[in-house]
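Novice: Attaching a single structure in structure tokens format; questions to follow.
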């Protein structure tokens with residue numbers, strides 16, 4: 001009987017530990033979504049309702065927390081970009097690709113900004129960001145195989161125009177609406193891709 005009680009006790013501790021770990025991850029993500037782009041361990045602990053020592057019992061440092069959050073989120077944020085009807089004319093594909101990417105960028109703005117703010121600090125974030133950028137390039141090339149026939153400078157221009165950085169500039173720096181930002185990107189890409 002004592003053995004079964006100890007097993008239940010260990011399982012209970014393990015489950016509580018998992019709940020605490022998950023609460024910390026969710027607290028970090030919710031703070032970032034609300035605009036706290038670089039939350040501290042204390043802010044995250046306070047939001048999760050745990051003591052700071054609990055934070056560091058589950059995560060060695062902020063980098064291990066970011067890795068756990070990325071592992072948990074990767075499939076869902078990558079799914080925002082993949083898919084969509086990739087058939088039709090160049091104009092139709094550009095319009096659909098920009099609409100899909102823009103919706104994803106809009107949803108992930110604070111995640112992108114928080115990551116970029118800390119690239120200098122963490123190898124893991126730099127590696128993940130580079131992997132994601134490579135994936136976005138590959139995805140755009142799947143939408144627009146015409147990119148393969150462009151000069152390098154033209155191809156790089158297309159990738160720059162379709163990037164999060166361009167989206168964020170139009171939305172944040174230039175103050176354009178989502179609709180206007182989409183229109184600017186679509187028309188610029190069409191001009192570039194249609195030129196001889």
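Just so it is clear, none of the values below were taken in a lab; they were calculated from the coordinates. Just so you know, these numbers come straight off a predicted model, no measurement behind them. Heads up, the Cβs are rebuilt from the backbone with ideal geometry, glycines too, and the neighbour counts pull from every protein chain shown.
Novice: Any chance you could give the angle, 0 to 90 degrees and rounded to 10, that helix 2-33 forms with the longest Cα principal axis of the chain?
Specialist: 30 degrees
Novice: How much of the pair distance distribution for the chain lies past 32 Å, counting alpha-carbon pairs only, in percent?
Specialist: Tail of the P(r) past 32 Å holds 31 percent of the pairs.
Novice: Multiply the residue separation of residue 195 and residue 22 by 0.36 nm, subtract the distance between their alpha-carbon atoms, and state the gained length in nm to one decimal.
Specialist: 57.2 nm
Novice: Treating the angle as unsigned and between 0 and 90°, give the value, to the nearest 10°, between the Cα long axis of helix 90-117 and the longest Cα principal axis of the chain.
Specialist: 40 degrees
Novice: With r as the distance between the Cβ atoms of residue 79 and residue 43 and R0 = 30 Å, compute the FRET efficiency 1/(1 + (r/R0)^6) and round to 0.05.
Specialist: Once rounded, the FRET efficiency stands at 0.60.
Novice: Shifting gears a bit: Indicate the gyration tensor shape class of the range 73-187 (rounded, prolate or oblate), computed on the Cα atoms with a ≥ b ≥ c the square roots of the eigenvalues: a/c under 1.5 is rounded; otherwise a/b larger than b/c is prolate and the rest oblate.
Specialist: It comes out prolate by the Cα gyration axes.
Novice: Against the longest principal axis of the chain, how steep is helix 62-79, in degrees 0 to 90 to the nearest 10, with axes from Cα atoms?
Specialist: Roughly 50 degrees between the two axes.
Novice: Same structure again: Once label points are set 7 Å from the Cα along Cα→Cβ at both residue 106 and residue 169, what is their separation, rounded to one decimal in nm?
Specialist: With each label point 7 Å from Cα toward Cβ, the separation is 2.1 nm.
Novice: Further question: The range 47-128: percent of C-alpha pairs farther apart than 14 Å?
Specialist: Distances greater than 14 Å cover 72 percent of the Cα pairs.
Novice: Something else: Restricting to Cα pairs below 8 Å that are 6+ residues apart, what does the relative contact order work out to for the chain? Please round to a whole percent.
Specialist: Reported relative contact order: 19 percent.
Novice: While we're looking at this one, here's another question. Post the alpha-carbon centroid distance, the range 31-60 to the range 98-145, in whole angstrom.
Specialist: Between the Cα centres of the range 31-60 and the range 98-145 lies a distance of 24 Å.
Novice: Right, here's the next one. State, to one decimal in nm, how far the label point of residue 178 lies from the label point of residue 13, with both points 7 Å from Cα in the Cβ direction.
Specialist: Distance between label points: 4.8 nm.
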